[in-house]
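Here's the structure, in structure tokens; my notes come after.
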Amino acid sequence: MTARSPGPGLQPAPRRARPRRSRRPCLCSLPPMAGNVEAPAPVGARPERDPKARGGWRGGARIWEETEQQAKKLRSASDAEQHRKLPKRKIVLLMGYSGKGYHGMQRNVGSSQFKTIEDDLVSALVRSGCIPENHGEDMRKMSFQRCARTDKGVSAAGQVVSLKVWLIDDILEKINGHLPPHIRILGLKRVTGGFNSKNKCDARTYLYMLPTFAFAHKDHDVQDESYRLSADTLRRVNALLACYKGTHNFHNFTSQKGPREASARRYILDMFCEEPFVREGMEFAVIKVKGQSFMTHQIRKMVGLVVAVIKGYAPESLLERSWGEAKVDVPKAPGLGLVLERVHFDKYNQRFGNDGLHEPLDWTQEEAGVAAFKEQHIYPTIISTERQERSMARWLGTLPVHDFDATAHAAAGLGAKVGWGPGAGGGGPGAATGLPFRELGRASSLLCTGVPVSIMRTSKLSPRGGSRGHTTADQQSRGVGMGGW
């Protein structure tokens with residue numbers, strides 16, 4: 001297609017030359033020109049402000065806040081970089097504390113009304129730089145675990161907790177520097193990465209310190225500080241405490257446990273009372289008990305029942321009945337004198353204590369510090385509090401209120417219904433023992449009085465046993481019906 005030619009008499013329009021663009025000079029490098037000078041503002045008009053500066057002093061404060069936040073980020077980044085260089089390892093801490101004024105050991109996250117030992121401990125760990133602040137809010141992040149959850153007012157001289165921390169320099173001194181004097185870290189040791197202080201603990205040893213007038217008989221002994229424990233009474237106390245040794249059903253020694261729950265069965269390795277001693281004119285004694293584990297209030301009820309028997313309020317047979325399925329009224333001694341003295345890691349020490357990498361958790365080098373802490377903070381607190389508040393004396397005044405014969409009456413009533421026992425018209429296993437029928441199925445038992453009693457099932461009697469289900473008076477006098485058949 002050809003371009004159309006212009007008509008006759010018409011000339012083609014010439015093309016306009018494009019003007020060449022020239023680079024504008026930088027105004028900052030040129031002197032001010034007359035055209036660049038701003039015209040003066042009219043009279044009465046407000047000068048226009050920069051929109052960024054409309055906030056006035058608030059804009060300056062915002063700039064300061066942004067600068068401060070940047071500085072904080074730089075500081076936190078430097079701290080994080082410094083802590084990243086520090087090793088984070090699993091350790092255990094040996095703790096001692098006086099429990100007066102605290103609602104137990106375990107921390108209640110989100111509740112500031114009830115102060116616990118772990119509240120002060122976690123605060124000291126954060127302030128000393130051992131753990132980050134978010135670990136203090138969520139203790140699972142540092143794999144925190146305690147050996148025992150001591151109750152309100154209970155003290156400890158050998159509590160052990162496991163956790164992961166940054167191994168900073170002078171770690172013990174820095175942690176103790178942020179703790180009150182009645183809470184001390186007495187030792188620190190490295191452990192395996194999967195160590196759990198609760199699960200790896202084989203046994204726990206508690207002591208219970210009480211004034212000896214708690215053992216004074218209600219009828220013929222003085223009930224004040226002038227009482228002194230005799231050797232005969234101490235032997236009787238130890239004989240009763242020895243009855244606890246072994247595996248028993250302690251559902252009556254705690255709350256919310258049924259008689260047939262497997263967790264109510266606990267194993268006691270040893271329990272005894274030491275020789276008494278005098279402090280500030282008052283005689284005290286220390287009861288020690290070692291067991292695999294204990295339930296809530298178990299030790300306080302074990303001590304309370306022995307005290308009730310020694311003082312003459314409860315019969316000795318009540319200890320045996322308390323391990324049966326029937327509900328028994330067991331008094332609970334005050335929590336003031338209870339102290340967690342030591343925790344044991346025998347199996348862990350056998351496996352890792354001599355591997356050349358880890359130390360055994362026996363705390364032999366820390367024993368002097370533990371003894372000094374007890375003498376300085378635990379024993380004086382127990383003595384002074386007992387003098388001021390008289391917690392043991394007030395509790396002893398409640399013992400007459402307990403109904404220690406309730407289960408005995410129930411057992412007698414059950415025996416009358418099934419045709420044996422006192423009042424059933426004849427002797428029988430119930431008459432000999434006073435125990436309900438379901439407790440007579442034990443092949444052998446040992447009453448705490450020291451009299452061995454072997455009880456056979458009552459399904460079949462010896463040919464010499466007289467009529468079925470009964471024993472004659474002569475057989476009862478010879479012991480038939482108490483293991484003689």
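The values are calculated or read from the model by the stated rules, or taken from the named source; none is laboratory data. Please read these numbers as outputs of a predicted model, since none were measured by experiment. Heads up, the Cβs are rebuilt from the backbone with ideal geometry, glycines too, and the neighbour counts pull from every protein chain shown. Areas reflect the complete protein model, heavy atoms only, side chains present, ligands, DNA and RNA absent. Shrake-Rupley method; radii C 1.70, N 1.55, O 1.52, S 1.80 Å.
With region 340-411 as the region, which helices (runs of 4 or more DSSP H) entirely inside it contain at least 3 residues that are closer than 24 Å to VAL307 by Cα?
Details: elements: 346-352, 367-373, 379-389, 391-396.
Passing ranges, in order: 379-389, 391-396.
In region 183-207, which residues are of a type in the set (Val, Ile, Thr) and either in contact with a Cys (Cβ under 8 Å, 6 or more places away or on another chain) or farther than 30 Å from VAL303 by Cβ (or both)? Working first, answer last.
At the first step, the residues of region 183-207 found to be of a type in the set (Val, Ile, Thr) are 183, 185, 191-192, 205.
VAL191, THR192, listed by residue number.
Checking the condition over 21 Å from LYS88 (Cα atoms) and either polar (S, T, N, Q) or not assigned by the TED database to the domain that holds GLU341 (or both), which residue from ARG184, ARG140 passes?
Going through ARG184, ARG140 in turn, just one is over 21 Å from LYS88 (Cα atoms) and either polar (S, T, N, Q) or not assigned by the TED database to the domain that holds GLU341 (or both): ARG184.
Determine which single condition VAL222 fails, assuming it passes every other condition in (1) open to solvent by 20 Å² or more (accessible area, probe 1.4 Å); (2) over 30 Å from ILE168 (Cα atoms); (3) in contact (Cβ under 8 Å) with a residue 24 or more places away in the chain.
(3)
Given the conditions (1) among the hydrophobic types (A, V, I, L, M, F, W, C); (2) assigned to a helix (DSSP H, G or I); (3) in contact with a strand residue (DSSP E or B) (Cβ under 7 Å, 6 or more places away or on another chain), which single one is not true for LEU318?
That leaves (3) as the condition not met.
Which residue, of ASP224, ASP232, is among the acidic types (Asp, Glu), farther than 30 Å from ASN354 by Cβ, in the same structural domain as LEU340 (by the TED database) and modelled with pLDDT under 95? I'd like the intermediate steps shown before the answer.
Details: ASP232 fails: modelled with pLDDT under 95.
Selected residue: ASP224, the only one of ASP224, ASP232 that is among the acidic types (Asp, Glu), farther than 30 Å from ASN354 by Cβ, in the same structural domain as LEU340 (by the TED database) and modelled with pLDDT under 95.
If I filter region 149-175 down to residues being free of Cβ contacts under 8 Å to residues at least 60 places away in the same chain and in a loop (DSSP other than H, G, I, E, B), which single residue comes out as surrounded by the fewest Cβ atoms within 10 Å (Cβ to Cβ)?
ASP169
Of the residues that sit in region 344-376 and are within 11 Å of ALA157 (Cα to Cα) and of a type in the set (A, V, I, L, M), which one is least open to solvent (accessible area, probe 1.4 Å)?
VAL370
Can you find a residue in region 229-239 that is under 28 Å from the mean Cα position of the chain (by Cα) and surrounded by 14 or more Cβ atoms within 10 Å (Cβ to Cβ)?
Applying the first criterion (under 28 Å from the mean Cα position of the chain (by Cα)) to region 229-239 yields none.
No, because not a single residue in region 229-239 is under 28 Å from the mean Cα position of the chain (by Cα) and surrounded by 14 or more Cβ atoms within 10 Å (Cβ to Cβ).
Quick one: in region 80-112, of everything that is open to solvent by 50 Å² or more (accessible area, probe 1.4 Å) and of a type in the set (D, E, K, R), which residue is modelled with the highest pLDDT?
LYS100
So which of ASP355, ASP329 ends up being out of contact with any helix residue (DSSP H, G or I) (no Cβ under 9 Å at 6 or more places or on another chain) and either in the same structural domain as MET271 (by the TED database) or modelled with pLDDT under 95 (or both)? Please lay out each step first, then the result.
Values: ASP329 fails: out of contact with any helix residue (DSSP H, G or I) (no Cβ under 9 Å at 6 or more places or on another chain).
Selected residue: ASP355, the only one of ASP355, ASP329 that is out of contact with any helix residue (DSSP H, G or I) (no Cβ under 9 Å at 6 or more places or on another chain) and either in the same structural domain as MET271 (by the TED database) or modelled with pLDDT under 95 (or both).
Do we have GLU274 as charged (D, E, K, R) and free of Cβ contacts under 8 Å to residues at least 12 places away in the same chain here?
Working: charged (D, E, K, R): yes; free of Cβ contacts under 8 Å to residues at least 12 places away in the same chain: no.
It is false that GLU274 is charged (D, E, K, R) and free of Cβ contacts under 8 Å to residues at least 12 places away in the same chain.
Taking interchain pairs and intrachain pairs at least six residues apart, which have beta carbon atoms under 8 angstrom, with the first residue in region 343-359 and more than 17 Å from SER162 (Cβ to Cβ) and the second modelled with pLDDT under 95 and not charged (D, E, K, R)?
Close Cβ pairs (under 8 Å, with a partner that is modelled with pLDDT under 95 and not charged (D, E, K, R)) amount to ASN354/PRO360.
Of the numbered conditions (1) of a type in the set (Val, Ile, Thr); (2) touching a residue at least 40 places away in the same chain (Cβ under 8 Å); (3) surrounded by fewer than 16 Cβ atoms within 10 Å (Cβ to Cβ), THR381 satisfies every one except a single condition; which is it?
(3)
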